Amino acid sequence: MIMQGVYYTYQPHSHYETHALKDIRLEIQEGEFIGLIGHTGSGKSTLVQHWNGLLKPTAGRIFIDELDITAPGVKLKEIRRKVGLVFQYPEHQLFEETVFEDVAFGPKNLGLSAEKVAKRVQKALAMVHLDYEKYHNSSPFVLSGGEKRRVAIAGVLAMEPKYLILDEPTAGLDPRGREEILDQIGELHAKEGLTVIMVSHSMDDVARFANRLLVMHQGEIVYNDKPRKIFMEYPALHKIGLDIPTVTKLMIRLRDKGWPVRQDALTLEEARLEIMKVLGGGKTSA
């Protein structure tokens, strides 16, 4: 997935002209897990909608594998088979009478046989840990919030995309629902080999899963690096309205108080090992 000098302008040549994307140059490798962060209005949602052709750039080119999706006459159906986009609150788009029919909607539109559609539905529900026999005849509207979210994600997975883009996948869920969704996204990346791009306001979530982080500000990608390195730029992140992971904040505070711990810990396990190491050797000044 490659973006070459991509610009996007809302309502050009009008009083309300807004430059939402500015000279985006980016390459995403197959199998990566990308975290995409930025304050509200930074251009995140505009960016991800370019990857499956929902928006066309004002200038620049976008390639999905060898397919130039900005070329005249490109078949959007082919793009959307490769790139699955899960919007924020995707359960609001559920509309069929049964879970089966909702998940089957996309594959049916591909013109697949009834047998192939059924196999895709079964596989997609299994990928989000919903038992086919228990759920396929249920109305999606009687499910819990987390279950609805998983059905909506299954509907995208049933298209068998190569790239999975999720815009705030845990928004509005309770803690248990958040953990279930995040664990399944991590599993899809690890076991199915999907390239995942996750938009999130949670620094803890992207720190836990992403192997590369993109930071957007005013329509530009201002950081593109490993999460551990980017979160050490916390003074600059704070200036553009972004936070850092809770664990990292704890380690910085401990360091400021004289504990010789690494500041760039991202997970609870890393923090635990660092603190145990200091306690085992006695607290010393840095």
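The values are calculated or read from the model by the stated rules, or taken from the named source; none is laboratory data. Not measured: the values here are computed from a predicted model. Quick reminder, even Gly has a Cβ in these numbers, built from the backbone with ideal geometry, and neighbours come from all protein chains shown.
Looking across segment 153-176, the residues that are part of a helix (DSSP H, G or I) and under 19 Å from residue 126 (Cβ atoms) come down to 153, 154, 155, 156, 157.
Mind checking which residues of segment 90-104 are surrounded by 16 or more Cβ atoms within 10 Å (Cβ to Cβ) and not acidic (Asp, Glu)? Passing the criteria: 90, 94, 99, 100, 103, 104. Of the helices (runs of 4 or more DSSP H) lying entirely inside segment 36-123, the ones with 3 or more residues being aliphatic (A, V, I, L, M) are found at 99-109. Residue 229 meets each of the listed conditions (1) surrounded by 15 or more Cβ atoms within 10 Å (Cβ to Cβ); (2) free of Cβ contacts under 8 Å to residues at least 60 places away in the same chain apart from (1). Within segment 3-35, the set of residues being part of a strand (DSSP E or B) and closer than 22 Å to residue 209 by Cα comprises 26, 27, 33, 34, 35.
For (1) within 30 Å of residue 279 (Cβ to Cβ); (2) of a type in the set (Val, Ile, Thr); (3) at pLDDT below 95; (4) in contact with a Lys or Arg (Cβ under 9 Å, 6 or more places away or on another chain), each residue gets a yes or a no:
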{"residue": "162", "(1), (2), (3), (4)": "no, no, yes, yes"}
{"residue": "169", "(1), (2), (3), (4)": "no, no, yes, yes"}
{"residue": "189", "(1), (2), (3), (4)": "no, no, yes, no"}
{"residue": "206", "(1), (2), (3), (4)": "yes, yes, yes, no"}
{"residue": "221", "(1), (2), (3), (4)": "no, yes, no, yes"}
{"residue": "233", "(1), (2), (3), (4)": "yes, no, yes, no"}
{"residue": "239", "(1), (2), (3), (4)": "no, no, yes, no"}
{"residue": "256", "(1), (2), (3), (4)": "yes, no, yes, no"}
{"residue": "259", "(1), (2), (3), (4)": "yes, no, yes, yes"}
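Table: residues versus (1) of a type outside the set (D, E, K, R); (2) modelled with pLDDT of 90 or more.
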| position | (1), (2) |
| --- | --- |
| 95 | yes, no |
| 99 | yes, yes |
| 116 | no, yes |
| 131 | no, yes |
| 138 | yes, yes |
| 145 | yes, no |
| 157 | yes, yes |
| 180 | no, no |
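Looking at segment 153-161, can you tell me whether even one residue there is within 15 Å of residue 48 (Cα to Cα), buried (at least 23 other Cβ atoms within 10 Å of the Cβ) and not hydrophobic (A, V, I, L, M, F, W, C)? Checking segment 153-161: not a single residue is within 15 Å of residue 48 (Cα to Cα), buried (at least 23 other Cβ atoms within 10 Å of the Cβ) and not hydrophobic (A, V, I, L, M, F, W, C).
Pairs please, first residue from segment 236-253 and over 18 Å from residue 214 (Cβ atoms), second anywhere and surrounded by fewer than 16 Cβ atoms within 10 Å (Cβ to Cβ) and of a type in the set (Val, Ile, Thr), Cβ atoms under 9 Å, 6+ apart in sequence or on different chains. These pairs meet every condition: 247/267.
Filtered by the rule that a residue be of a type outside the set (A, V, I, L, M, F, W, C) and under 23 Å from residue 18 (Cβ atoms), segment 197-223 gives 201, 217, 218, 219, 220, 223.
Report yes if residue 77 is of a type outside the set (A, V, I, L, M, F, W, C) and more than 21 Å from the chain's Cα centre (by Cα), otherwise no. Don't jump to the end; show me each part of the working.
Values: of a type outside the set (A, V, I, L, M, F, W, C): yes; more than 21 Å from the chain's Cα centre (by Cα): yes.
Yes; evaluated as a whole, the condition is true for this residue.
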